[in-house]
Amino acid sequence: MSRSTPVTYGGWQSERSGFMGRLSGTGFALVVGGCVLLLTPVNLGSWTAASVCLPPAAVLFALAFGRVLGLSADEWVLLAVRHQINVATRRNLFQSGAFAPRSRTTGQQPMDLPGVLARLRFLEAPDGLGGTLGASYDPVANTYTAVARITFPGLALIDSDRQTARVAAWAGFLRGFCTEDSPIVRLAVHQRCLPDDGAALRSWTHRHLAADAPKEAVAALMELMEGAGPATTTRETYLSVTLSASKSRLAVKGAGGGQAGAAAVLVRELHAMHSSLSSASLQVVEWLAPRALAQVVRTAYDPEAQLMLATRNAAAQAPDWQGLEAGVAPELAGPAYAETDWGTYRHDGAWTVSYQVRTWPQADVYATFLQPLLRPRQNARRSLSIVYEPTGPRRARQDLAREKAKRESARTLRARTGQDESADELLESRKARAQDVARASGQGVVRLTAVLAVTVTDLGELETACAELQADAAASGLELRRMWGAQDVGFAAAALPLGQGLPDRRIGF
């Protein structure tokens, strides 16, 4: 029998990364400078010195404590200055090296991706089942990321008991990586809503078409599919798994070392998580090969290429096909042209605006609370990436203990000074305690962030699409912040299933 009241979820806590309280290192330096300027006239006993020192002190305090577009004033100024320098030096522009010389060793053109993705390389490795697996290699972070295209039955049309079971199974899947020696350092779920290319519909029709069907009826049916297929929308879901070669160096060394050994360890981890994925009602359609992974990247940069590539891939399935193989060559995955503006990102024939989820719902929500975010839209394409970073038990215990100590110290200080405790502070303190109790009882702790992107091919529809996305986010209980001055980074995290989005290090909790 189904429960009368569905289970609700909550307890998200914002990560604190301030150098001193909520101040960044730059903000703390500005406050110190302002205090020095305020004390200088007192020490000198001069009104002239006061008239000189007070205005710059006020400016320093305004930069430290002011807010602009959701950012502290000092962060906003640094972003604006950096952006203007990039514009002046034309570093905000990217043009692919289509005519770059081929490598002397491999005879191939190098990959050419913009911005933070320029360091990535797509490697090919055996998947252990007779096929090939594509891995995105980051030489700076020394990580290897595999991407799977997955399907799942969803939560909207089932009863609350089955919803609870599926959410618990996904939580169990994540908890399995919250160990001290887990080589998997990042997991990401990426979903995007795209126009349906009609390939699946055409394939089903060809398989079920009678041999003696009238030619006129077949022609009418094909014409109908050509018109109706691209008018509908479809969703693509990907799971990215990132392995750290540094954390698994012994296993990599035992597998032969180098990139081949790291790829072998990654494949072994992927096979080991198969049963956990099945328990979470996730079905792996395929682990993407290099050309398939490059196609996912290419269609994000150039949405107009989606239909062309889908048609070519469908034709490549024919036994007598003599053309190009399915997918895209990795060296052609990037855009031909890209430009980073202050609030938008232009790539080939499309424009994208990226947002970061800054505040998760304060009240408890149901399991389907994110559903409005990927509501089909005819004028825009939406992408959502949720990036998880599992935390080991020792690190989780230290972080939660530090968080509790900070909150208790703040409460004690306010009590001594006679200040009232706000309801928000009391609620955050309760969440911190509940989270620590859950950790002690065997639950895992993960860092997570969510990044969204909305893409249009008509610049005139961009702001309308952004307003619709923000309205749907508000209906989900989320607070979004436009990634001003970092739209290229936001696109890499939100529109591509490459496991980008969380910094490697943090200060505080």
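The values are calculated or read from the model by the stated rules, or taken from the named source; none is laboratory data. Bear in mind the structure is a predicted one, so any value in this text is a computation, not a measurement. Counting neighbours? That spans all protein chains shown, and the Cβs are built from the backbone with ideal geometry, glycine included.
Listing for the model above:
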{"read-out": "Check on residue 403, surrounded by 21 or more Cβ atoms within 10 Å (Cβ to Cβ) and farther than 27 Å from residue 240 by Cβ", "value": "yes"}
{"read-out": "Every residue from segment 409-426 that is in contact (Cβ under 8 Å) with a residue 12 or more places away in the chain and of a type outside the set (A, V, I, L, M)", "value": "411, 425"}
{"read-out": "Hits in segment 111-132 (condition: under 22 Å from residue 92 (Cα atoms), of a type outside the set (Gly, Ala, Ser) and part of a loop (DSSP other than H, G, I, E, B))", "value": "111, 112, 113, 114, 119, 120"}
{"read-out": "Enumeration of residues in segment 124-178 that are in contact with a Gly (Cβ under 6 Å, 6 or more places away or on another chain) and farther than 23 Å from residue 366 by Cα", "value": "145, 178"}
{"read-out": "Subset of segment 145-157 that is loosely packed, with under 15 Cβ neighbours inside 10 Å and modelled with pLDDT under 85 - its residue that is nearest to the chain's Cα centre (by Cα)", "value": "154"}
{"read-out": "Sole residue being in contact with a strand residue (DSSP E or B) (Cβ under 9 Å, 6 or more places away or on another chain) and not in a loop (DSSP other than H, G, I, E, B), chosen from 299, 311", "value": "299"}
{"read-out": "Of all residues making up segment 327-358, the number that are among the charged types (D, E, K, R) and in contact with a strand residue (DSSP E or B) (Cβ under 8 Å, 6 or more places away or on another chain)", "value": "4"}
{"read-out": "Residues of segment 182-195 satisfying the condition of being of a type in the set (A, V, I, L, M, F, W, C), at pLDDT 90 or above and farther than 18 Å from residue 155 by Cβ", "value": "184, 185, 187, 188"}
{"read-out": "Of residues in segment 158-181 being among the small types (Gly, Ala, Ser) and outside any loop (DSSP other than H, G, I, E, B), the one modelled with the lowest pLDDT", "value": "160"}
{"read-out": "Residue ranges of helices (runs of 4 or more DSSP H) in segment 418-508 with at least 2 members more than 26 Å from residue 135 (Cα to Cα)", "value": "423-440, 462-475"}
{"read-out": "Close pairs from segment 388-403: first of a type in the set (S, T, N, Q), partner in a helix (DSSP H, G or I), Cβ under 9 Å, at least 6 apart", "value": "391/399"}
{"read-out": "Residues of segment 125-164 satisfying the condition of being in contact (Cβ under 8 Å) with a residue 40 or more places away in the chain and acidic (Asp, Glu)", "value": "127, 159, 161"}
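Every residue, every condition in (1) touching a Lys or Arg at 6+ places or on another chain (Cβ under 6 Å); (2) crowded, with 16+ Cβ neighbours inside 10 Å; (3) more than 30 Å from residue 118 (Cα to Cα), yes or no:
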residue	(1), (2), (3)
424	no, no, yes
435	no, yes, yes
446	no, yes, no
451	no, yes, no
458	no, no, no
